[in-house]
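J.: Pasting a structure here, questions to come.
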Amino acid sequence: MAIERETFGAAELATCLSHYDTGIIHSIEEFPRGSRRAPKVVIKCERGKFLFKRRAHGKEDLQKVAFTHHVQLHLAGEGFPLPHLIGARPDNNSMLVWKDHIYELFEFVEGGPYDGSLDATFDSGRILGLYHKLLAGFHSDYVPSKGSYHGNKAIVEAIGNTARSLPMNGRPEPSVLMETVDFLKEGYGKCAAGADEVGLEDWPVQIVHGDWHPGNMLFRKKLVVAVIDYDSARLHQRIVDLANGALQFSIIGGSEDPSQWPEYLDETRLKRFLRGYDSVNVISKAELKIVPFLMCEAMIAEAVLPIAATGSFGRMEGFPFLQMIHRKVKWVLSHLEQIENVLLD
């Protein structure tokens with residue numbers, strides 16, 4: 001059953017917007033994208049075009065929001081492409097708190113989706129390299145999460161839980177199910193160990209984005225004009241962020257039937273994404289060597305967490321999606337030398 005999208009009340013909008021210096025408002029239209037639990041509207045007014053949102057329940061930790069705003073304001077000051085936060089009266093605070101809700105006003109950035117082109121792929125990598133470079137020395141009193149998809153016991157537990165969460169009418173023979181579950185558990189452990197053997201845990205940590213994928217970027221003329229969603233920002237080794245981004249820009253999907261998705265990666269886009277990153281923030285050979293291991297960990301984590309919780313992956317049935325991940329991870333692990341040659345070329 002679909003969750004009904006939350007909306008603003010008229011009095012709520014009138015009260016909240018009175019805290020911003022927008023000038024005369026010409027129109028307010030619902031912006032039906034992103035989380036259904038976070039209402040958003042586009043405001044056209046005397047001073048320009050803005051996006052106004054109320055944070056969803058569960059994402060109203062004042063300290064964490066202040067931290068993500070600190071990150072965004074720092075990046076904005078360095079010329080990084082993102083929607084600028086607009087301060088609220090009377091003290092120009094980057095968030096407005098009213099009746100236990102947190103509100104944010106952003107400049108509205110015009111842009112389109114990722115088109116899959118090599119130019120857009122290169123720029124997506126370049127902008128991630130710039131993000132890491134600008135935040136390499138960033139410090140905050142708030143200590144963000146240090147967890148990720150790498151070597152996480154919760155993900156190992158979730159792999160096992162997928163077998164119990166699948167609906168009875170979509171559950172295969174036990175032997176078939178356990179073959180996939182056991183492979184994913186073994187593969188996840190092997191990849192985590194492979195990354196750690198190179199010394200990942202001893203490498204320096206910094207603020208990373210935590211959710212670098214095409215849906216969190218806006219493009220114009222094959223260039224990134226805005227990066228959005230900083231709620232997953234956390235402390236980790238930059239390569240953990242980079243490997244997940246490389247996966248998101250090189251994985252090949254297709255129809256709503258995951259059994260038809262190819263197991264191989266788009267090696268050309270993978271290479272172009274990493275070259276974009278390397279153009280502004282040099283990647284070491286040691287980091288490149290563990291990218292395939294981290295990509296497999298990220299694939300497994302992204303699949304098993306929602307399936308363990310709901311039995312499905314969005315609108316897709318859980319087990320066919322797990323089988324697809326099984327095939328993709330198996331392909332990567334059996335082509336490590338080939339992928340390494342692509343990355344180090």
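The values are calculated or read from the model by the stated rules, or taken from the named source; none is laboratory data. In this text, all values refer to a predicted model and were calculated from it rather than measured experimentally. Heads up, the Cβs are rebuilt from the backbone with ideal geometry, glycines too, and the neighbour counts pull from every protein chain shown.
J.: For segment 161-177, indicate whether the set of residues that are in the same structural domain as W203 (by TED's automatic domain parsing), touching an Asp or Glu at 6+ places or on another chain (Cβ under 6 Å) and surrounded by 12 or more Cβ atoms within 10 Å (Cβ to Cβ) is non-empty.
T.: yes
J.: Residues in segment 89-100: is at least one among the β-branched types (V, I, T), over 21 Å from A233 (Cα atoms) and not assigned by TED's automatic domain parsing to the domain that holds M217?
T.: Yes - at least one qualifying residue is present in segment 89-100.
J.: Evaluate segment 62-69: report whether one residue or more is β-branched (V, I, T) and under 19 Å from E110 (Cα atoms).
T.: For segment 62-69, residues β-branched (V, I, T) and under 19 Å from E110 (Cα atoms): absent.
J.: Do you know which residues across segment 149-176 are small (G, A, S) and at pLDDT below 95?
T.: Passing the criteria: G160, A163, S165, G170, S175.
J.: Moving on. So which strands (runs of 3 or more DSSP E) are wholly in segment 18-120 and hold at least 1 residues that are charged (D, E, K, R)?
T.: By residue number, 25-30, 40-45, 48-54, 101-107.
J.: A further question on this structure: Would you pick out the residues in segment 252-308 that are of a type in the set (G, A, S), touching a residue at least 40 places away in the same chain (Cβ under 8 Å), within 19 Å of L118 (Cα to Cα) and surrounded by fewer than 19 Cβ atoms within 10 Å (Cβ to Cβ)?
T.: Scanning segment 252-308 gives a single hit, S279.
J.: I've got another one for you. Here are the criteria: (1) out of contact with any helix residue (DSSP H, G or I) (no Cβ under 8 Å at 6 or more places or on another chain); (2) at negative phi. Tell me which single one G187 does not satisfy.
T.: (1)
J.: Please go through segment 183-198 and give me each residue that is under 13 Å from I155 (Cα atoms) and either among the basic types (K, R) or free of Cβ contacts under 8 Å to residues at least 24 places away in the same chain (or both), ordered by number.
T.: Within segment 183-198, K185, E186 qualify.
J.: I would also like to ask the following. Residues that are modelled with pLDDT under 95, over 28 Å from V225 (Cβ atoms) and aromatic (F, W, Y): does segment 177-188 have at least one?
T.: no
J.: Where in segment 238-345 are the helices (runs of 4 or more DSSP H), entirely inside, with at least 2 residues that are in contact with a Pro (Cβ under 7 Å, 6 or more places away or on another chain)?
T.: Of the helices (runs of 4 or more DSSP H) lying wholly inside segment 238-345, those with at least 2 residues that are in contact with a Pro (Cβ under 7 Å, 6 or more places away or on another chain) span 318-334, 336-344.
J.: Still on this structure, I have one more. Restricted to segment 82-116, and to residues that are under 19 Å from the mean Cα position of the chain (by Cα) and crowded, with 19+ Cβ neighbours inside 10 Å, which residue is nearest to D266 (Cα to Cα)?
T.: So the residue we want is Y114.
J.: Tell me, yes or no, whether segment 117-135 has at least one residue that is surrounded by 15 or more Cβ atoms within 10 Å (Cβ to Cβ) and of a type in the set (K, R).
T.: Yes; the residues of segment 117-135 include at least one that is surrounded by 15 or more Cβ atoms within 10 Å (Cβ to Cβ) and of a type in the set (K, R).
J.: Let me ask something additional. Considering every residue within segment 209-223, establish whether at least one is assigned to a loop (DSSP other than H, G, I, E, B), modelled with pLDDT under 95 and surrounded by fewer than 20 Cβ atoms within 10 Å (Cβ to Cβ).
T.: no
J.: If you take the residues in segment 7-51 that are acidic (D, E) and farther than 24 Å from P113 by Cβ, which one is surrounded by the most Cβ atoms within 10 Å (Cβ to Cβ)?
T.: Going through the qualifying residues, I end up with E12.
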